[in-house]
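Contents: one structure, followed by commentary.
Taken together, the values in this text are just the output of simple stated rules run on the coordinates, not laboratory data. Predicted model only: the values in this text are computed from it and were never measured. Note that each Cβ is placed from the backbone with ideal geometry, even for glycine, and that neighbours are counted across all protein chains shown.
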Amino acid sequence: MKVLGVGATGTIGSAVAGALEARHEVVDDEISAGLRGKLPGQVALARRAVHHLRDGGSIALTGAPSPHP
């Protein structure tokens, strides 16, 4: 399965991406730096992604304090 990691450079994102790489192809995309905040970007991403999920698929959103306001 191909997994998109958006801004997976923090502590949690890096750990999750590393764990997923054992069984999946992880594609990292650092688009979150250009967003005003992570939450609006994550909501928009989830709203678009939900239409592409297979039966039983899921969307996992994680968060942590961002150095960018």
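Taken over the range 5-27, residues that are assigned to a loop (DSSP other than H, G, I, E, B) and of a type in the set (D, E, K, R) amount to 1. Among residues of the range 1-26 that are more than 21 Å from ARG48 (Cα to Cα), none has a beta-carbon under 6 Å from a residue that is assigned to a helix (DSSP H, G or I) and hydrophobic (A, V, I, L, M, F, W, C) at least six positions away or on a different chain.
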